[in-house]
Amino acid sequence: MPASALLGAAATFAQNRTEAIHRWYPYVEGFSSGFVSRLLAEHPRARSVLDPFAGSGTTPLVASHAGLSCGYCEVNPVMRLAARAKLEAAPALASRGRAGVLEAFRRAGSLEGEIQERAKAVDLSPLSFTFEKRAFFEEAVLRDLLAAVSWIGGAARGDSALADLLRLALASIVVSCSNMKRAADLRYRRGREVHEVERSVARALSGRLACMRDDLVALAETLAEGGTLGKATLLSEDARELPLEQAGEIDLALTSPPYLNGTNYMRNSKLELLVLGFIRGESELAALHTRALTAGINGVSRRIAEPARFPEVEAVARKLDRCAYDKRIPALVRAYASDMERVLSRTATLLRPGGALLLDIGDSHFCGVNVPTDELLVALARLSGLRHVGATFLRKRSSNGGAPLKQVLLRFKKEKKKRTTEAQRTQSDRGEVSSATPPRPRRLRGANRSTAKAAREFARELPYRELPYSRRNWGHPWHSLCSYQGKLKPGLAHHLVSRFTRPGETVLDPLGGVGTIAFEACLAGRRGISNDVNPVAHACARAKLGRPDAGECFALLGRLERALAGARPRKRRLPRFNGELASYYHPTTLGEILRARAFFLGEGIAQAPRSSSEALVLASLLHVLHGNRPYALSRRSHPLTPFAPSGPFVEKALVPH
């Protein structure tokens, strides 16, 4: 069988159903471990791997078991749970040895009795719509599933690794215990499928746990014999926001992005999201869609950013503009391309020169128009310095209407920087033309004709005035961390950094304000340094440019909340800002603000935050102190210069805001 046929056979999840650890969760949209293994074998020198769309964790798991380091992204909470259980919880539990694994799973011995007992006290009201209106579950089955969630909390108390494994085991049986079936999409069971429902949650869960136990015992024995695992790290939930600290260090990127085929990846896992408590109702799926790459028609809404436009994409989208029965279809194509361009750009930045990107993708068909997704991605990748070096046909597919489609593996290489000889460098740097010509003064790097030409082009093009960069909300959400007078537009900072610097270089802004230029530099794989004398600006910039820790932030909020419960500070003369300070706030809110002020002064945070976590909490409070939006603690006033307030006094609690 030719290599392409072997790859095609492995390009679906089917083989993973019998593979140890991979079989723990049925991810029908994924490819197999064999697919990844074959591609890794083609790159024997690769030591670091990236998967921007990890799904249930197949690529990082195979890479880890091959001793490689792997960074990955995944926006779906259920898939992140699956990946974390396989990549972190499984090695942690297996490191306890065979006896430790068996002891951990021994707690599941009385599972059936526990579920029956806990089911009596389950409150079904939050999810009653799943059997009263939507018929996702039978009421008794849902009661047992929620009882199993409660059981996990007790069985794994204090053991986070075991908790993740038990939660994944439960997630893996939710659909089989429901009235739904996951094929290409999640749908109601039909015909004989109705009789395939597993109505015993305890039996299904026990079977899954036995499978996981056996795989972990085998892994424990492998580790005991000297086997080692590479480190797998969640780099970001959103592949469009891949962090760039490892710019130029990744050897191989291997991934399969969501297909542009209308499949709703979030909705396909909504039952698990509901049962495990990631969402409280179907209405919350919309927020998850917004955080994900726009790949399905349900992801097209006013929430998403205005997409960037590309000639190759427009050629297809305009055809759909003329014939699509739903205007969201051409919008979907444009948004998908815009999102993928961001992913490809960041992936290219992370790859070392000469590094490879392997991308599994399929084309699409809408309203009689073929959308050659593979060809569009080749064009988009070229913009980021990725050279297309070939494509391998994997298998035939078909659209819902029967139109022929295909699945291919695209192969890219990151262009290497052109080398110059020592003589060329000397002549370029010193301006020397011959031994008879005296050397000119050495020019500072960057102060050459190419920079001057780029500056003239920049002034002529003004790219930051074009969509999407000209939008008020363009860029990373942290650009809006705190309102600040005279703040530079993020789109302008983005283009200055990308046009005049290269990945790995250092960018200094000596009058940095809230760190807009330095922050954009960091997002683009540069080292950003910002300086400002204003304490407000300093706090905001430090929050953006550091690495705030969620645990530290919430611990600080906890201390702040306890301080707010204390006595109100002694009355003192308050400053005026276009009116008495007391005229800005409800008396109760003002009391909390004064107590918060005393807290931050007493902790030394107001003067100089000691960490980016402290800076983030302080900057967030500064942002909500006053303004003309509902989030502000004050009566309505200008968010920058505090004009005299207007409107009613409203009591607002400081910590929730």
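Taken about its Cα centre, the range 2-140 carries a charge dipole of about 480 debye when Lys and Arg each add +1 at the Cβ and Asp and Glu each add -1 at the Cβ. Shape of the range 319-408 from the C-alpha gyration tensor: oblate (a/c of 1.5 or more and a/b not above b/c, with a ≥ b ≥ c the square roots of its eigenvalues). Listed by chain and number, the lysines whose alpha-carbon sits under 18 Å from that of Lys327, ignoring those within fewer than 8 places in the same chain, are Lys319. Placing +1 on the Cβ of every Lys and Arg and -1 on the Cβ of every Asp and Glu, with no other charges, gives the range 158-315 a dipole of roughly 1060 debye about its Cα centre. For Lys319, the solvent-accessible surface with a 1.4 Å probe is about 110 Å², rounded to the nearest 10. Coordinate range of the alpha-carbon atoms in the range 65-149 per principal axis, descending: 49, 33, 15 Å.
The lysines within cross-link reach of Lys453, meaning a Cα-to-Cα straight distance under 25 Å and a gap of 8 or more places when in the same chain, are Lys416, Lys417, Lys418, Lys489. Farthest towards the positive end of the charge dipole of the chain, among the residues Ala391, Leu244, Pro503, is the Cα of Pro503, using unit charges on the Cβ of Lys, Arg, Asp and Glu.
In the range 108-213, the C-alpha radius of gyration followed by the widest Cα-Cα span (Dmax) gives 13.9, 45 angstrom. Of the residues Met180, Leu209, Gly191, the one whose Cα sits farthest toward the positive end of the charge dipole of the range 176-292, with +1 on the Cβ of Lys and Arg and -1 on the Cβ of Asp and Glu, is Gly191. Give the shape of the range 235-336 as rounded, prolate or oblate, defined through the alpha-carbon gyration tensor: a ≥ b ≥ c are the square roots of its eigenvalues, a/c under 1.5 means rounded, and otherwise the shape is prolate if a/b is larger than b/c and oblate if not. Since a/c reaches 1.5 but b/c is at least a/b, the shape of the range 235-336 is classed as oblate. Ignoring lysines fewer than eight residues from Lys181 along the same chain, the ones with Cα atoms less than 27 angstrom from its Cα are Lys86, Lys133, Lys270, Lys396, Lys406.
When only the Cβ of Lys, Arg, Asp and Glu is charged (+1, +1, -1, -1), the dipole of the chain relative to its Cα centre reaches about 2060 debye. Globularity index of the range 587-657 is 1.14 (Cα radius of gyration / 2.2 N^0.38 Å, N = number of residues). The helix-only estimate of mean residue ellipticity at 222 nm for the chain, built from DSSP H runs of length n ≥ 4 each weighted as -39500 (n - 2.57), is -12500 deg cm²/dmol after division by the residue total. Dipole orientation for the chain: of the candidates Ala140, Phe458, Leu170, Phe458 has the Cα lying most toward the positive pole (charges on Cβ; Lys, Arg +1; Asp, Glu -1). Amide H to amide H, with H built 1.01 Å from N, Phe366 comes under 5 Å of Val371, counting only residues 5 or more places away or on other chains.
Modelled spin-label separation between Thr588 and Asn531, with each label point placed 7 Å from Cα along the Cα-to-Cβ direction: 4.7 nm.
Can you classify the chain as rounded, prolate or oblate using the Cα gyration tensor, where a ≥ b ≥ c are the square roots of its eigenvalues, rounded means a/c under 1.5, and otherwise it's prolate if a/b beats b/c and oblate if not? In terms of gyration-tensor shape, oblate.
The values are calculated or read from the model by the stated rules, or taken from the named source; none is laboratory data. Predicted model only: the values in this text are computed from it and were never measured. No Cβ is skipped: glycine too gets one built from the backbone with ideal geometry, and neighbour counts run over all protein chains shown. Remember, those area values only see protein heavy atoms, side chains included, never the ligands or the DNA or RNA. Shrake-Rupley method; radii C 1.70, N 1.55, O 1.52, S 1.80 Å.
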